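The values are calculated or read from the model by the stated rules, or taken from the named source; none is laboratory data. Note that the structure is a prediction, hence the values are computed from the model and not measured. Reconstructed Cβ throughout: ideal geometry from the backbone, glycine too, with neighbour counts over all protein chains shown.
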Amino acid sequence: MTCGKAKQAVRIVGLPEQAVENVTLENAIVYADAGITLADAEGINLIGSAITPTQGPVVQVKDCKNVRIRKMACPPGADPFLDVQGGGTNVRLIGCDLSKAKQAIHAGPGTDVRSVSVEPEPACQPRD
């Protein structure tokens, strides 16, 4: 999927009592005013995508569980790349090069920064 000039790249918002579950976005290229917003969601996978917002975070996560952001491109000057708010858990950045970000990760007030992990891309294991 490729999209240019969108108002918002992606918005996935559930309810506190009923989360949106098990959504995967893969290989998307989006240029938008705002990046990805995830709220009250669980089991979200963002894989191999390039999201370029004109302002704000590339990905904003609020009160989400088990979010996996894998091999996602970081646009130059992203500020921040990831904004985490609320009581989310298990937000994983896997194989994302955050070196171009002005600020890689921002955690809002009261957010446990231990809920976010930055991990290298796993190496392929030879089969026996």
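In the stretch 81-110, which residue that is among the basic types (Lys, Arg) and under 20 Å from residue 70 (Cβ atoms) is surrounded by the fewest Cβ atoms within 10 Å (Cβ to Cβ)? It would help to see each step written out before you state the result.
Step one: of the stretch 81-110, the residues among the basic types (Lys, Arg) are 92, 100, 102.
Filter again for under 20 Å from residue 70 (Cβ atoms), leaving 92, 100.
Values: 92: 16, 100: 13.
Only one residue fits best here, namely 100.
What do you reckon, is residue 82 more than 15 Å from the chain's Cα centre (by Cα) and either more than 17 Å from residue 106 (Cβ to Cβ) or without any contact (Cβ under 8 Å) to a residue 40 or more places away in the chain (or both)?
No: the conditions fail for residue 82.
Are any residues in the stretch 100-116 of a type outside the set (Lys, Arg) and under 12 Å from residue 88 (Cβ atoms), and if so, which ones?
Once the filter is applied, which keeps residues that are of a type outside the set (Lys, Arg) and under 12 Å from residue 88 (Cβ atoms), the stretch 100-116 yields 107, 108, 110, 111, 112, 113, 115, 116.
Residue by residue, here is whether (1) outside any strand (DSSP E or B); (2) on the phi > 0 side of the Ramachandran plot; (3) not aliphatic (A, V, I, L, M) holds:
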residue: 90; (1), (2), (3): no, yes, yes
residue: 93; (1), (2), (3): no, no, no
residue: 98; (1), (2), (3): yes, no, no
residue: 103; (1), (2), (3): yes, no, yes
residue: 111; (1), (2), (3): yes, no, yes
residue: 117; (1), (2), (3): no, no, yes
residue: 123; (1), (2), (3): yes, no, no
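Among (1) surrounded by 12 or more Cβ atoms within 10 Å (Cβ to Cβ); (2) under 21 Å from residue 26 (Cα atoms), there is one condition residue 123 misses while meeting the rest; what is its number?
Only one criterion is unmet by residue 123, namely (1).
Mind checking which residues of the stretch 1-57 are surrounded by fewer than 18 Cβ atoms within 10 Å (Cβ to Cβ), free of Cβ contacts under 8 Å to residues at least 40 places away in the same chain and not in a strand (DSSP E or B)?
Passing the criteria: 1, 14, 17, 27, 48, 54, 55, 56.
Scan the stretch 1-32 for residues that are modelled with pLDDT under 95, within 21 Å of residue 70 (Cβ to Cβ) and not hydrophobic (A, V, I, L, M, F, W, C) and report the count.
Here the count works out to 1.
Hey, residue 75 hits all of (1) of a type outside the set (Val, Ile, Thr); (2) under 23 Å from residue 7 (Cβ atoms); (3) surrounded by 18 or more Cβ atoms within 10 Å (Cβ to Cβ) but one; which does it fall short on?
For residue 75, the exception is condition (3).
Residues that are more than 13 Å from the chain's Cα centre (by Cα), acidic (Asp, Glu) and closer than 24 Å to residue 4 by Cβ: does the stretch 37-57 have at least one?
no
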